[in-house]
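Working notes, structure below.
Just so it is clear, none of the values below were taken in a lab; they were calculated from the coordinates. Everything numeric in this text was worked out from a predicted model, so none of it was measured. Note: ideal-geometry Cβ built from the backbone for every residue, glycine included; neighbour counts use all protein chains shown.
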Ligand code: FAD
Ligand code: UDP
């Protein structure tokens, strides 16, 4: 392929060193990450291709790419310009100090098939980071121009001389030479943007025509391509070969499907086909109609019958020499890649000049040059004043970012050290296409109408009631929390009523004078045998200590029931976000006024960013540099597995309370998400003392230590501490959301502002 990036970079390479960083290629599992580079002989462009071992996951991948990029740039001198064709390259390159950052936005990538979920968020960051943005067409410019102060439309241009060779073709390529005339052709990537039904209808309607399709089949199953005797798929061809094929066609085609993925495209092939002297028949792509719709040579038709009719007309036109071609040439005469390149280069020069002037001005005002020189590693984003810096894009941080911007019009810089939003609730599709929770199973449940109503603004819901089985006595699966069914199954009894079950449990329960610990709670309700069977081993594994050493609140989370309700939770609202947590978070933080930077440490922005107030949702002891010692947090190691089978276990979670099994529970996500697919993904949870902080450990002395940090926090009123880690509370998602909403209300009240309440649940559901 020789397309817009190649045309432009070839020209930039005439005056600068250009490195083209490609998508990584897979290398054998276990091999070290490497970078290969080659120099294009004609242009001098260096193409750098990382090789990463198969199976390397998200964060490790980004770290490896960052390492390779830094190593490549070490020792390179001169001014660095960054030029992005996709926001997906940002996570490993955002730290580079550049004199100018360009985003050449060729397409609305988020609308493409298999677009990664983080793309939208990364694109927002890229808009924030870029000094100048170019768009691949006018429609795209219209869609993006409000998102950046310096956006310029640059519809794709054409190498006219190259394609004009099609007008003189004498000798045809072998695989096309024998095809009967007339011929109508398409070249380009064959993917979800092509209207395959239309192609089939055209082939069926005109069996005497040859339809020639050139190009790689990408993202769609080649088996789904229509097969007809007069439909010829000749595969991918090089840029150099295209004019010879084009010269052998009467008419060129653009049978694009009209949908989200084609809404903003500005197909380069339109001016190429026309340079080759071929009439074009296209479906109504907005930019084609807008720029070329007035030409007699370009026929636009919406449905199959009119498309076929338009092909008839185009064929007739192709046989006429004359005015139609003159009009084409006159329109193309203003288009050239040289011209596009020159104008883009000018925009870059403007950015560099403005920087230079700002530097000189500051120097003349006496600031030392060191304050202005870009640091080697600088946080993403231009320095602009923010009202709030929010550290952590989990529930606490994202809710506050959304509220402060949407309700109070604040400007918020939201950072997270992880490369994604959502905190521990983050979910993603894994390599097998299964939606899974990276940090273990997250089930949403709440009794708070306010919280449910609030979150309903950012997601639709899938009703889901969580059920858990415990695997006891070496393989028996019984309902957990313990209920009447559990007792009947374990003891071979036939307890019929709640009173029966109550009496049964009462006969086993041991009276405890004052219930203080997690052991007391359970023993006083169900007795020692059931305690040991269900709670002792699980808790020892989960917390690394005996239930007698843990606050009663821990096991009190799990009730004992005398009825047969086998749901894990009994809250009023129980549901999963229909499109996943990550999508919900994306919607939440997608607010004018929120600048999101991922993969960024608080430390990195603390002194760089210009902000008035801070909201901190990370561990509170970390914020105060562990001044009074470390607060204990329990961690987990997640062992994720994707299995080539539709199901693994009968319910979403099976607990393994015996101490011999090294993990505590196994979760299978499809039960929660309702996703239909052939594979399934499960997660084993291995508790651990080391690793990310997940659980505050509820013990009196830890609470006492936290109180010392809380006292420090109270002495720091310009910082709000919110969330599970910052307030050292074993909080569920809904509780953190409620806590963040309450914090917001306090902030708003302090400013004397009236808070507009979230829409009602009924309105939210209706709107969805
Ligand atoms: P987090 O989600 O931890 O977000 C804090 C963010 O801050 C993180 O992304 C972190 O990277 C970032 N951060 C921290 N320090 C820094 C720094 N210095 N610089 C930059 N970024 C920083 N709750 C339920 O309601 N239902 C469930 O089923 C459920 N299951 C759970 C299962 C597991 C295994 C775990 C661990 C928790 C579960 N929870 C569940 C609890 C839920 O995860 C939390 O209540 C919720 O995610 C807390 O949100 P938060 O914003 O306080 O913290
Ligand atoms: N617990 C247990 N056995 C179980 C389930 C829970 O001993 O089968 C105890 C354990 O100490 C656990 C606590 O109850 O940490 C709270 O359980 P929950 O399911 O609420 O834990 P989370 O989902 O927060 O990890």
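When you restrict to C-alpha pairs under 8 Å that are six or more residues apart and normalise by the size of the chain, the relative contact order lands at 12 percent. With respect to the chain, whose longest principal axis is taken over its alpha-carbon atoms, helix 337-364 is tilted by about 50°. Here the gap between residue 59 and residue 361, fully extended at 0.36 nm per residue and compared with their Cα-Cα distance, gives a gain of 104.6 nm.
From the convex hull of the Cα coordinates of the range 32-138, what is the mean projected area in square nanometres? Spell out each step's value before the answer.
Numbers: hull surface 34.1 nm².
Across all orientations, the range 32-138 yields a mean hull projection of 8.5 nm².
Packing, taken as the mean count of other beta carbons within 10 Å per residue, orders the peptides 486-498, 544-556, 29-41 from highest to lowest as 544-556, 486-498, 29-41. Enter the angle in degrees (range 0 to 90, nearest 10) between the Cα long axis of helix 323-332 and the first principal axis of the Cα atoms of the chain, meaning the one along which they spread out most. So the inclination is approximately 50 degrees.
Label the range 502-570 by shape, choosing from rounded, prolate and oblate, from the square roots a ≥ b ≥ c of the eigenvalues of the Cα gyration tensor; if a/c is under 1.5 it is rounded, and otherwise prolate applies when a/b is larger than b/c, oblate when it is not. In terms of gyration-tensor shape, oblate.
Estimated from helical segments only, the mean residue ellipticity of the chain at 222 nm is -10000 deg cm²/dmol, where each DSSP H run of four or more residues counts as -39500 (n - 2.57). For the peptides 47-58, 307-318, the ranking by packing is 307-318, 47-58, with the highest mean count of neighbouring Cβ atoms within 10 Å listed first.
Each part gets one Cα centre, and for the range 449-520 versus the range 295-344 those centres are 71 Å apart.
Divided by 2.2 N^0.38 Å, where N counts the residues, the Cα radius of gyration of the range 160-222 comes to 1.29. Relative to the current alpha-carbon distance between residue 70 and residue 205, full extension at 0.36 nm per residue lengthens the span by 42.9 nm. Note that the range 230-334 carries a Kirkwood radius of 14.3 Å, evaluated over its alpha carbons pair by pair. Subtracting the Cα-Cα distance of residue 227 and residue 716 from their residue separation scaled by 0.36 nm leaves 169.0 nm.
I need the shape label for the range 226-278. Rule: rounded when a/c is under 1.5, else prolate if a/b > b/c, else oblate, with a, b, c from the alpha carbon gyration tensor. Provide the component values of the computation, followed by the final result.
Values: a/c = 1.82, a/b = 1.16, b/c = 1.57.
The shape class here is oblate.
For the range 391-427 and the range 560-598, write down the distance between their C-alpha centroids in whole Å. Cα centroid of the range 391-427 versus Cα centroid of the range 560-598: 15 Å apart. Each 5 Å bin from 0 upward holds the following percent of the Cα-Cα pairs of the range 122-176: 4, 16, 17, 14, 9, 7, 8, 9, 8, 7, 1. With Cα atoms defining each centre, the range 253-277 and the range 97-150 are spaced 21 Å apart in the structure.
For residue 349 and residue 751, what is the calculated FRET efficiency with R₀ set at 45 Å and r taken between the beta-carbons, to the nearest 0.05?
The computed FRET efficiency comes out at 0.55.
Principal semi-axes of the equivalent ellipsoid, √(5λ) from the alpha carbon gyration tensor of the range 523-637, are 39, 24, 11 Å from largest down.
Rg to Rh for the chain: what is it, with Cα atoms only and Rh by Kirkwood? Display every interim value, and only then the final one.
Details: Rg = 31.3 Å, Rh = 30.2 Å.
Result: Rg/Rh = 1.04.
The per residue volume of the convex hull around the alpha-carbon atoms of the range 593-634 is 110 Å³.
Would the range 158-311 count as rounded, prolate or oblate if I go by the C-alpha gyration tensor, calling it rounded below 1.5 in a/c and otherwise prolate when a/b exceeds b/c, oblate otherwise?
Values: a/c = 1.34, a/b = 1.08, b/c = 1.24.
Cα axes put the range 158-311 in the rounded bin.
Distance between the modelled labels on residue 572 and residue 500, one decimal in nanometres: 3.4 nm (7 Å Cα→Cβ projection). Taking Cα pairs under 8 Å and at least six residues apart, what relative contact order does the range 557-710 come out at, in percent? Reported relative contact order: 25 percent.
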